[in-house]
1. Show the residues, 5+ positions off or on another chain, whose built amide H is closer than 5 Å to the amide H of residue 274.
2. With no solvent and one point on each alpha carbon, what is the Debye value of log10 I(q)/I(0) for the range 26-103 at q = 0.18, 0.24 Å⁻¹?
3. From the phi of every residue in the range 108-123, what ³J(HN,Hα) in whole Hz does the Karplus formula 6.51 cos²θ - 1.76 cosθ + 1.60 yield, where θ is phi - 60° and glycine or proline is x?
4. If you take the square roots of the eigenvalues of the alpha-carbon gyration tensor of the range 358-417 and sort them as a ≥ b ≥ c, do you get rounded (a/c under 1.5), prolate (a/b over b/c) or oblate?
5. How about the range 404-503: which trypsin sites (Lys or Arg not before Pro) there lie in a loop by DSSP and see at most 10 other Cβ atoms within 10 Å?
6. Mind listing which chymotrypsin sites (Phe, Trp or Tyr not before Pro) in the range 263-344 are in a DSSP loop and have 15 or fewer other Cβ atoms within 10 Å?
7. Given a cut-off of 25 Å, name the pairs among 215/443; 244/471; 278/399; 82/471 whose C-alpha atoms lie farther apart than that in the structure shown.
8. Starting at the first residue of the range 625-639, write each ³J(HN,Hα) from the Karplus equation 6.51 cos²θ - 1.76 cosθ + 1.60 with θ = phi - 60°, in whole Hz, x for Gly and Pro.
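Just so it is clear, none of the values below were taken in a lab; they were calculated from the coordinates. Here the structure is a predicted model, which is why all the values come from computation and not from measurement. Positions of Cβ are backbone-derived with ideal geometry, glycine not excepted, and every protein chain shown enters the neighbour counts.
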Amino acid sequence: MANLQSISQRDLTRSSILWFSIAFVLTIVPQLFIFLPPWVAVIFAICFVWRIQIFRMKIGYPNGIVKFAIIASILGILFVTKGNFLNTEGCTILFMAIYGLKFVEAKTVRDGYILGCIGLIALASTYLFENSAYLFIFSLVIFTTLIAAIIGLQQLGYSLYSKKALLWNAVKIMGLSLPLMAILFVIFPRFPSMLPNMNKTDGEQTQAQTGVSNKMEPGSIAELANSEKHILWAEFTQTVPQTKDLYWRSLTLDQFDGRAWHQSQTSQMFFPPRYQVKSRVGEQKYSVIFDPSFQKYLATLDISQMDDNPNARHNPIVSYSDFRFEYDRPIESKIQYSATYLPSVTLLNRADGKAGEGDIQQFLQVTDNNPKTTELVETMLADDPSKTEFVNRLLQHFKQDGFQYTMQPGLLQGRDSIDQFMFDAKLGFCEHYASATAFMLRKANIPSRVVIGYLGGSIDRNRNLIEVRGKDAHAWVEYWDDQNGWIRVDPTTAVSPNRIDLGIDDLIGELTGMGSSSAWDRLSSSFSALKDRIDYSWTKMVLNYQSSSQQSLLKSLFNIDFISVFTLVKISIGLLFSFVFVQAIIFFKPWRRLFFNANHEYFRVIELSNKVYGLQLSVSTAPVELSEALIKYLPANDQEKVQNMADALVKYWYQPNASNASTKDVKEGLFAVQKLLKGKNVRK
């Protein structure tokens with residue numbers, strides 16, 4: 001015990017410090033791209049430089065006052081930047097900062113083991129925010145590096161391990177652990193997070209990175225025109241609908257402040273949606289993998305009915321009367337949901353299909369600005385047209401009066417931004433046309449609202465698959481008709497039909513003149529498509545395998561209707577201990593001691609000696625000759641082990657009446673020298 005304690009207090013080996021440094025950097029890099037804020041990167045850079053300077057013996061280890069000051073500073077920054085940081089993101093950031101501090105202060109072998117455990121937990125924490133196939137592959141590299149660092153702790157002193165041998169041993173351990181990972185993935189129960197969710201609920205702050213937000217003003221969606229940010233994958237059971245039908249609904253905005261559109265408090269109240277199915281033709285199911293947006297809104301084909309999961313105890317998706325769906329908490333990791341697309345429905349305000357004055361009044365609210373546009377509306381209403389006729393006149397005005405669709409509409413500032421667009425600029429993106437259309441409809445006393453979401457996407461018809469990105473963001477309008485309910489009108493169809501029929505990629509090529517691509521662009525596009533397909537397949541497999549899928553698999557394998565969480569935990573722990581037990585048997589090889597053969601073990605010693613020191617000893621070499629050949633390469637304590645082995649073998653082979661005691665000495669001597677030579681085999 002005393003010997004073990006003294007070993008744990010020895011200084012970290014330089015090889016372990018090197019491997020821990022590599023693992024530290026590799027662990028941090030993906031997290032900086034996924035969830036860590038920039039100020040944490042500064043702390044990590046300071047920690048890394050400090051550790052390097054300690055390694056070079058240019059600076060000392062931090063004392064207690066310095067460590068307290070660092071932790072206090074981290075907590076202070078977290079409080080200022082995050083407010084209440086007792087959530088998934090805040091606690092993970094704090095843990096990573098502690099990882100950086102432990103990386104700096106680690107001095108002894110005991111600290112090295114603690115640092116290795118913290119590193120493994122830090123690696124696992126990344127999966128709270130991302131679970132792509134590429135992260136998994138990269139994680140194997142980090143895991144192997146951490147294991148190499150822990151193996152390096154086994155060497156005493158300051159001599160270096162052979163990097164090749166260290167890495168190979170780490171790879172073997174990683175390879176042995178992969179089957180256990182796969183088994184535990186299948187068996188171990190799924191637990192919900194015990195921490196609150198992140199604080200990133202402000203859609204206006206995160207729009208440019210995560211897609212549409214709950215506010216639309218001139219230029220807000222145009223900012224996303226070149227965004228390659230992935231939003232969702234959707235897989236259909238049948239043929240993918242045409243691009244012109246792929247309206248992905250996320251939010252409805254019914255309040256206008258003269259410049260921007262917002263959600264009113266009324267629209268955010270929960271009321272079940274009301275609709276009437278006119279035809280079942282074209283109806284089909286589809287599943288969506290939705291990327292984290294740090295907001296609650298989802299995206300569903302307009303119009304869809306969310307499918308219920310009969311195995312789920314709680315449905316986290318809430319439906320609203322404006323036909324949008326929201327998650328019950330901000331979406332901080334990829335989620336999956338299934339829905340049924342209903343292409344032919346009448347959207348109602350109430351169950352009877354009518355709209356009372358109180359129901360519809362909120363969709364007539366309008367401001368008194370934009371006098372030129374108001375005068376234009378009055379001109380269109382001169383002969384008292386019907387709602388349908390007025391809408392057609394409005395679209396015809398966009399088509400014939402020189403309006404253009406552009407991804408660079410310029411800034412429209414001032415109180416009368418719609419007037420600027422309608423009479424001066426006449427250049428706009430989808431939000432300019434949607435905002436002007438909804439405003440003019442309300443001026444004509446026609447209830448209307450703006451709908452924002454996405455249109456189209458990259459379609460893989462061979463796999464019935466669609467990928468929607470930030471650049472597919474779109475806005476359109478719905479107006480109320482007493483006979484037919486809410487009716488979609490998309491003014492973009494009048495100005496740029498190709499945006500509707502072909503999609504944003506073809507439109508970009510048309511507007512920029514970059515329709516043709518080089519061989520390199522085509523190769524890059526093919527590689528990107530392959531990468532996305534791999535990521536989709538992996539994500540689908542991981543997200544699909546939740547509690548209900550786990551129960552279904554176990555039922556099919558073992559014909560058991562239900563296995564409790566507690567039972568699954570016990571099975572998982574049993575498998576873990578069984579795995580460790582099997583590996584221990586393989587490592588220690590107890591059968592060699594049970595069926596001991598002195599000749600075979602002695603030949604093994606000669607083989608190792610020749611391999612380590614380049615000797616050319618034959619199997620007929622006597623123990624004394626072997627001892628003399630090895631001693632000149634070994635320090636005093638190792639020389640004693642070799643001499644003890646030689647003495648035990650001489651007594652065992654050449655003296656009569658060998659006892660059980662002498663057999664025990666031979667075993668111990670041979671195995672001690674074998675272990676010694678194996679250790680020498682990983683030195684440079």
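1. Amide H to amide H, under 5 Å and 5 or more residues apart or across chains, residue 274 pairs with 348.
2. -0.75, -1.20
3. Those phi angles translate into 9, 4, 4, 4, x, 5, 5, 4, x, 5, 4, x, 5, 5, 4, 4 Hz.
4. On the way: a/c = 1.80, a/b = 1.21, b/c = 1.49.
Here the range 358-417 falls in the oblate category.
5. Details: sites: 415, 426, 442, 443, 449, 461, 463, 469, 471, 488, 499; in loops: 415, 426, 461, 463.
Those that pass, being in a loop and sparsely packed, are 461.
6. Details: sites: 270, 275, 286, 290, 294, 297, 320, 323, 325, 327, 337, 341; in loops: 270, 294, 320, 323.
Here the sparse-neighbourhood loop sites are 270.
7. Values: 215/443 21 Å; 244/471 16 Å; 278/399 31 Å; 82/471 29 Å.
Exceeds cut-off: 278/399; 82/471.
8. 5, 5, 4, 5, 6, 8, 4, 5, 9, 10, x, 4, 5, 6, 4
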